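> Could you have a look at this structure, given as structure tokens, before my questions?
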Amino acid sequence: MRLLFTLLSFSFLTTTLSAQLQGGLSGNYFLQSIPEWESAIFGNRSNERLLNKGYGAELDFKVAGFENYRVQFHINAQRNQFRSDWGNRALKLDQNVLSLTSKIFILSLEADCDCPTFSRDAGILEKGFFVEISPGISTFNGKIEDDFIISEDKGTAFKLGIGMGLEIGFNDYVTISPFVRFNRYFNMEWEGLQTDIAGIDNVPDPIEGSDTTPLNQFSAGLRLAITLQR
């Protein structure tokens with residue numbers, strides 16, 4: 001809640017508020033690696049992967065921009081889900097992520113207004129290509145279960161993301177944006193994971209890995225944005 005309050009305060013206090021009310025809905029497909037948790041579960045069998053694919057949905061709204069430069073700030077709220085079947089067991093990971101995204105249109109950075117992409121007089125790549133930087137915080141819930149819960153934990157982790165995409169405006173009100181991103185989550189700790197795994201029958205004691213891992217996450221997705229003039 002403290003982070004959300006800080007972000008909302010930033011939106012309220014900035015003197016560069018956008019000329020439009022803009023929000024978006026995105027769908028994401030993820031590929032990711034969680035090296036320390038995989039090693040904790042599989043030992044040195046490093047060719048095996050868990051939770052390496054998943055899906056997510058995201059809502060965002062624009063909170064600030066500039067009149068003379070095409071730099072925007074968005075608050076993003078995201079829900080991601082991952083599942084892997086491991087023998088007769090299921091390993092699940094759910095994420096809730098809150099981010100503040102800086103969106104920079106580097107090929108047409110200077111502008112005379114904070115206008116929708118569609119109305120700009122330039123080629124689709126020049127006026128629509130953007131890069132983004134997205135720091136944030138996530139909560140997660142990890143669970144291993146078959147007929148009962150074998151291991152479960154909840155935690156928080158900070159993340160830093162970078163990405164790029166292309167805004168394609170159908171008109172001044174509707175825009176779609178394909179995008180790709182890389183997110184790095186730092187020090188995700190599943191307390192007791194190694195101990196719990198060591199207690200499962202027919203699974204070797206973990207000889208590598210840790211309860212704490214980084215998470216490296218690649219994603220591709222599509223955003224649908226709606227812009228309303230104030």
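> Hey, can you tell me all the residues within segment 107-158 that are open to solvent by less than 30 Å² (accessible area, probe 1.4 Å), modelled with pLDDT of 95 or more, over 19 Å from Gln81 (Cα atoms) and not charged (D, E, K, R)?
Of everything in segment 107-158, those that are open to solvent by less than 30 Å² (accessible area, probe 1.4 Å), modelled with pLDDT of 95 or more, over 19 Å from Gln81 (Cα atoms) and not charged (D, E, K, R) turn out to be Phe130, Ser134.
> So Ile200 passes all but one of these: (1) part of a strand (DSSP E or B); (2) on the phi < 0 side of the Ramachandran plot. Which condition number does it fail?
(1)
> Give me the residue from segment 51-72 that is aromatic (Phe, Trp, Tyr) and assigned to a strand (DSSP E or B) and, out of that set, nearest to Arg120 (Cα to Cα).
Pass one, segment 51-72, residues aromatic (Phe, Trp, Tyr): 55, 61, 66, 69.
Within this subset, residues satisfying the condition of being assigned to a strand (DSSP E or B) are 55, 61, 69.
Values: Tyr55: 33, Phe61: 21, Tyr69: 13 Å.
So the residue we want is Tyr69.
Yes/no per residue for (1) open to solvent by less than 30 Å² (accessible area, probe 1.4 Å); (2) farther than 18 Å from Asn141 by Cα:
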site	(1), (2)
Gly54	yes, no
Ala57	no, no
Lys62	yes, yes
Leu91	yes, no
Leu98	no, no
Phe105	yes, yes
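> Something else now. Among the residues of segment 6-50 satisfying the criterion of being assigned to a strand (DSSP E or B) and open to solvent by 60 Å² or more (accessible area, probe 1.4 Å), which is modelled with the lowest pLDDT? Please lay out each step first, then the result.
Of the residues in segment 6-50, the ones assigned to a strand (DSSP E or B) are 20-33.
Filter once more, so that each one left must be open to solvent by 60 Å² or more (accessible area, probe 1.4 Å): 21, 25, 29, 31.
Values: Leu21: 80, Leu25: 96, Tyr29: 97, Leu31: 95.
Restricting to residues being assigned to a strand (DSSP E or B) and open to solvent by 60 Å² or more (accessible area, probe 1.4 Å), the top hit is Leu21.
> Moving on to the next point. Of all residues in segment 212-227, which are among the β-branched types (Val, Ile, Thr), open to solvent by 10 Å² or more (accessible area, probe 1.4 Å) and out of contact with any helix residue (DSSP H, G or I) (no Cβ under 7 Å at 6 or more places or on another chain)?
Initial filter on segment 212-227 (among the β-branched types (Val, Ile, Thr)): 212-213, 226-227.
Next, only the ones that are open to solvent by 10 Å² or more (accessible area, probe 1.4 Å) stay: 212, 226.
Within segment 212-227, just Ile226 meets the criteria.
> For segment 159-174, which positions are modelled with pLDDT of 95 or more and either open to solvent by less than 30 Å² (accessible area, probe 1.4 Å) or outside any strand (DSSP E or B) (or both)? Outline the logic, then answer.
Within segment 159-174, the subset modelled with pLDDT of 95 or more is 159-166.
The answer is Lys159, Gly161, Gly163, Gly165.
The values are calculated or read from the model by the stated rules, or taken from the named source; none is laboratory data. The structure displayed is predicted, hence computed values, not measured ones. Note that each Cβ is placed from the backbone with ideal geometry, even for glycine, and that neighbours are counted across all protein chains shown. Just the protein is used for accessible areas: all its heavy atoms, side chains included, with ligands, DNA and RNA removed. Shrake-Rupley method; radii C 1.70, N 1.55, O 1.52, S 1.80 Å.
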